[in-house]
Each structure stands twice: as C-alpha cells, then as structure tokens.
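Contents: one structure, followed by commentary.
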Amino acid sequence: MILLPRPLSHLASPVGARKERGRDKYLVMDTSQLLNLPTEILVNILKFSASSTSPPPYKTLLNVALTCSALHHAVFCTENDLLWREPALALGIPESLRLDHVLYPGSSTLQKRLWRNVVKLNLAWGRPFPAKTPVIPKQQRAARQLPPVDKKGDWFGRRVVEVFVAGEGAKRENSYVTKPASVRDDGCAVFQVRPPGGPNGGIIPGLTYSLSGGPKVTCVLDPVMGKPREVILGNNRSHGWVASPLPLLTECVTPFPVQAGFVFEERSGEYRVRAVDASTAALSHSWNLGKRRPDRVVANGEILVAVTYAHPDSDGKTSQIPSNLVCVESFGGQEGRSRWKARTLAGSRIVWEFDLSIRWPQEMNRYTSFPHLKNFHITRTHLVCLVTQHPTATLGKLVGTDFYILDLETGGTVKRMKFSTKSPSTLPGSPRAAFTTALSHEFLLTDTYIVSGGAGGGLLVWNYVSDGHEPIYTIPDPLASDTTKPNGTASSLPRQCSALTMSGDGRYVAATTSDQLWLFDMVDKKVHAIYGNGRKIEARDYYARNPADDFPAGVWCWWKEWRSKRDQSGAMTWEEVDGSGGVAYLTGLDGEKRKLNVGKLLFDIAIGPHWAYLAFAMSFGMYSYVILMILWEKGLKGFEITGAG
C-alpha cells in the first residue's frame, strides 16, 4: 500500500468536517491498483504527491520509491524527471526558472540536466559542515602542464575543465584574470593576460584596459589541446565600433566582478559590451549601453547588468563615481524575443535603470549614508550586490557592509542582509583577528546560496531566498590541521584566501592561497583535496596574500576525463573516468618568455577584423593573374599562326 495526501474538497461543509475529524489525513491506495493505471495518470498522481508540504516533497517521492521496484523506477526514471521540479521549488529554486537556466545543475557540462540532481545539490548545500575539525588529506603537487589525452584502444572521450582560477605571482611579469568555470562553456575556460606596469604601462589601442596593468588579451583554453586560442579584439571598422579602454578611476576602484570574458567597444561616444563564447573563441552577445560609460558588468545569457557613470544628459550628482545601475537585454535584432517590456536601443533593450546612490538611501531612510557597489553577480531571477556604506561620497569611513538582493525583472530591492562584525570562528577558544575578507575576493552565487568572506577570514554560506538574514553556516577553517605551514607561524591566525571560485557542476568550492588550492566538497561536507604549486613560503610570508618573490603567476586548472558509452536504451551518454582527472598550475599561457607579442597584437588590430576583405582582394588578384596569363598565351599562339601563314 501507499499513502497519498487526501484532497480537502470533502471538508467544504461543516458536516463533512465533523465526519473527518480525528481521521487520518492520508488516503490509502492499494499499490497493485496504482500500478495498473496508465503511465500518464500514474505520473500525475506522483506529481500530486510531491506537491505536499508535510512531509517535504522530496521525502514524499523517496517514500514512494521505497514502496516497490516499479514505483522506484517511475520516480527515478529520466523520462519522469519533471516529478522533481516541485521538490526543487520547495528548496528555494524560483518558480519561473527553467532547468537550462539553473546556474549550477549538479551535473557536468557533458551530462544531461536533471531536476533530480538540482534537488540533491541544494539539499546538500543546506546542510552545515560537521562541528569537529575536518580531516585534512595529504597535499598533492600540481602538474606544470596538461598531460596529453590518452587515446589507447577504442576509447573516445572528452576532457572538461571543472575549476579554473588565477594564482598570483611576481608583479613584474604578466598575470591572469580568469572567468569561473561554467557548464555553458563546453568544458573550455576563458582568461585574460594582464601585462605588468601601472595605469600608463604598455597601453595598446584596441584592447580592453586593466586598471592595474594596462592591456588584456582574451584567450580560450581548450583542455584537450592544452594550448590557448586568442580571441581577436580588433577594431570593427566596418560598423564604426572601436575596442575601448575601460574608464580609469583613482580612488574608488574595485576589481570585482572580474571582467574576463567581456570586450568593451566605443563608437561616437556610445558604448557597447560583447561577450566571449568559450566554445568558439569568438564574440557572441552584444549589449548597447548608449552614452553610459561602463565601469563593471556581469551577464547571464542575454541579460547584462552594468554599473556605469551617469548619462551625460542626466542630472547625476556623483559623476566621479559610477553609481548608475542598468539592466540591458540583448535580442540580436529580433523584436519578438524580449522577456520583459522595455525600450529598444540599437539591438538591446533597457529593462530598468536607477542611481543606487539616490534610491538605496531613500529606501533605508538613511540620507546621510552613501552606498558604494563593491561587487555584484546575477542569476536569471536575482541581482545580488555587495555594498559598503559610507558617510559621504569620498568613501572615507566604512560604517557597514550589506548584501542587497534585487529582483532582476524590476530592479526592486527584495531583501537586505547585513554583515556582522563578530568573528564566526569554528575553532573553540581560538582568538581570531578583527578583520573581514568579504571585500578581498569574489563572492560565489548560486540560485539559492551565497558564499562570501567574512569577519575573521571565515567563509560564510548564506541562503538568500529564505526568510533568514544571517549566514546559515561557515565552511570550516582547516588551519589547525594544516601540516604544510612552515615552522614559526602563529597557529591562531587565519590565512587569507587569494581567490574563491566554484566547480562548474556546483559541488566543489575552491579557495586558493599564495601556494595552495583547497577543494571543499559541499555534498559530502569534507575537504576533498589540497594541491600545492611548489612555491616556497617563508614563515614571515605565510599570511601574505602574494609574497614578494620571483614565483610566476599562473592558473589553477582542475580537469576531469569523460568516456562516452551507450545506456540501456541505446542513447549516447557520458561517464567520468575514475582517477583520470588532475590539477595543474599553468604558467606561460601568454606565449614564449611570458611577454606579449606586441607585433602580433598590432597586426590583429589592423588586419584581424578585415580578413574577409583581405581574402577577397587576394582571390581577385589571383583570378586576374590567371585570366591575364590565359590571354597572353592565346595572343602568342595567334602571333605564331599569323607568322607561319
């Protein structure tokens, strides 16, 4: 037998209510009768069972699956995966979100997306880590390069990048800015090369601009080939667009979110942003910002959110600080594909726009406070902003740090979560330093959770779609059990993370220090692995984010191998090859001698966008040469015949 929730329609009258008083609220159904129903009716009954709130929907489906093998197959069958959408919504996934729009689906880029995996991943993220100090695995040495793909036998497979994050090094050499790994990037990774030097060092016209290092070269790394492919960022002169440097700020510069994967263009005082497609190493979506000069941008699909300077025609009072927040939708020239009603702007639609320095103080009734946007990321339904509060626009004193949760469709504030100044140390009795790392590296965003730095150097996990306004737990600090630290270091102080990122499937959180990569398993709640890049750290530099030495900057790359196979139905699927993955610390991705090929860049800027015209000219020249040679030969034969006659 199986227990199903009883419909409530029979309780509409007082008489019916008295008859049902004291009776069980569940309807008992004979399993044999249930299994004889047509498949469509059976699936609808299971959907109805999963819509109950007590017990939770996922528990209802698990209880049904334990009844018999036939129902177990019905619940976990891939064709019936829509059954798990209701449990996913109960865990906080927005109702309007489609499965292919979930940021981290709990599966690799090669695997089929399933609501069941989304439920499993979100359930795991909601559980805290054990209170005890975690077990620290033995540190492994990261490889220096990606090994060749093993193609022995009839093996046919793929290599996929799961984690991709930059590592800091010597400041007088080139460094890297990386885009986090994503299931949408087809297993590849996007990064930018940033040359050394100050704001005026090595500027090459036609390339995007880095506040701390001049020009950037955008590349795509294919893990199978092991070599990067450069994305041409030349001038699109056929339409008048020219790749433009980013605005140069002096006092309120923030490096987040990282701009790897975007190209900024300018034409007659208007600005346009274009995204890099990792699968093709070419430019894809395009967003027109009009005369709003961009500072930083984030994108998800066809939606982009940018913080810009005020429009030249507006009455903005803080033109020296970018505080204009604008949401833009790219529609590729197709008028009928807009998600929301908005005005058109040359291939883009402005969904909403406001000055955060005016609206947010009004919402909080704090007219003496100036909010400064430090970092922001988006999902398909929300915009999450990390904001610091200051008395004035000079940003002299920090009076508070908050997360603002905005509705992406309207731009309205949904929720505000405030950072605490107290340390969330998970080590009882250990003093922690009174500082915060919330602004020192990226924060991570899923469709329901946030991972950020916090007071005392801890890593905090927030559930921003729930009713709570505080972190739900912290990722444990494994410092006490770290056996790799040099002698003479203080054991009570936390070590700063240089960067924070997440695996493409959403299962692992990766944190880097100056010489290590830590992988935290958010499903099994443990430290998955530790890798070192061979950097020698002295005791005096153990707590430094990037010690002053000659160790080269590089990129941490964790990859996995996948093998193709056919399932029982004959469909082609992918399975992970056990023990085939690894971690490499890649250096020299910018070419020989770790220097930019300036001559090649200038050639790409001048010729790259006009390769079609160049090819046409060469073809026309060759065709003209052949025709002239044919006419010349015919002329010679004519003269010979005339002479012989």
Under the condition of being under 14 Å from residue 284 (Cβ atoms) and part of a loop (DSSP other than H, G, I, E, B), which residue from the stretch 320-332 is modelled with the lowest pLDDT? 332
From the set of residues in the stretch 359-409 that are among the aromatic types (Phe, Trp, Tyr) and in a strand (DSSP E or B), which is nearest to residue 179 (Cα to Cα)? 376
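Just give me the residues in the stretch 439-451 being at pLDDT below 95 and either outside any loop (DSSP other than H, G, I, E, B) or buried (at least 21 other Cβ atoms within 10 Å of the Cβ) (or both), in sequence order. Reasoning before the result, please.
Step one: list which residues in the stretch 439-451 are at pLDDT below 95, which gives 439-442.
Hits for the stretch 439-451 are 441, 442.
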Just to be sure I understand, how many residues within the stretch 260-285 are of a type in the set (Ser, Thr, Tyr) and closer than 24 Å to residue 176 by Cα? 3
Does any residue in the stretch 278-295 that is over 16 Å from residue 325 (Cβ atoms) and at pLDDT 90 or above come within less than 7 Å, Cβ to Cβ, of a residue that is of a type in the set (Val, Ile, Thr) and surrounded by 19 or more Cβ atoms within 10 Å (Cβ to Cβ) six or more places away or on a different chain, and which pairs are these? 278/190; 278/220
Selection within the stretch 367-381 - in contact (Cβ under 8 Å) with a residue 12 or more places away in the chain and surrounded by fewer than 17 Cβ atoms within 10 Å (Cβ to Cβ): 368, 369
Could you list, in sequence order, all residues of the stretch 262-277 that are at pLDDT below 90 and under 30 Å from residue 158 (Cα atoms)? 263
When the residues of the stretch 63-97 are narrowed to those that are free of Cβ contacts under 8 Å to residues at least 40 places away in the same chain and under 22 Å from residue 463 (Cβ atoms), which ends up surrounded by the fewest Cβ atoms within 10 Å (Cβ to Cβ)? 95
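Residue by residue, here is whether (1) aliphatic (A, V, I, L, M); (2) touching a helix residue (DSSP H, G or I) at 6+ places or on another chain (Cβ under 7 Å); (3) in contact (Cβ under 8 Å) with a residue 24 or more places away in the chain holds:
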residue: 525; (1), (2), (3): no, no, yes
residue: 534; (1), (2), (3): no, no, yes
residue: 539; (1), (2), (3): yes, no, yes
residue: 542; (1), (2), (3): no, no, yes
residue: 549; (1), (2), (3): no, no, yes
residue: 560; (1), (2), (3): no, no, yes
residue: 571; (1), (2), (3): yes, no, no
residue: 574; (1), (2), (3): no, no, yes
Scan the stretch 550-576 for residues that are part of a loop (DSSP other than H, G, I, E, B) and surrounded by 16 or more Cβ atoms within 10 Å (Cβ to Cβ) and jot them down. 551, 552, 553
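When you check residue 505 against the structure, is it without any contact (Cβ under 8 Å) to a residue 24 or more places away in the chain, assigned by TED's automatic domain parsing to the domain that holds residue 459 and within 23 Å of residue 581 (Cα to Cα), yes or no? Lay out the reasoning, then the answer.
On the way: without any contact (Cβ under 8 Å) to a residue 24 or more places away in the chain: no; assigned by TED's automatic domain parsing to the domain that holds residue 459: yes; within 23 Å of residue 581 (Cα to Cα): yes.
Spelling it out, it is not the case that residue 505 is without any contact (Cβ under 8 Å) to a residue 24 or more places away in the chain, assigned by TED's automatic domain parsing to the domain that holds residue 459 and within 23 Å of residue 581 (Cα to Cα).
Quick check on residue 466: is it among the polar types (S, T, N, Q), modelled with pLDDT of 90 or more and either in a loop (DSSP other than H, G, I, E, B) or out of contact with any helix residue (DSSP H, G or I) (no Cβ under 8 Å at 6 or more places or on another chain) (or both)? Explain how you work it out, then say what you get.
Values: among the polar types (S, T, N, Q): yes; modelled with pLDDT of 90 or more: yes; either in a loop (DSSP other than H, G, I, E, B) or out of contact with any helix residue (DSSP H, G or I) (no Cβ under 8 Å at 6 or more places or on another chain) (or both): yes.
Yes: the conditions hold for residue 466.
The values are calculated or read from the model by the stated rules, or taken from the named source; none is laboratory data. Since the model is a prediction, treat every value here as computed from it, not as a measurement. Because the Cβ atoms are built from the backbone with ideal geometry, glycine has one as well, and the counts that use them run over all protein chains shown.
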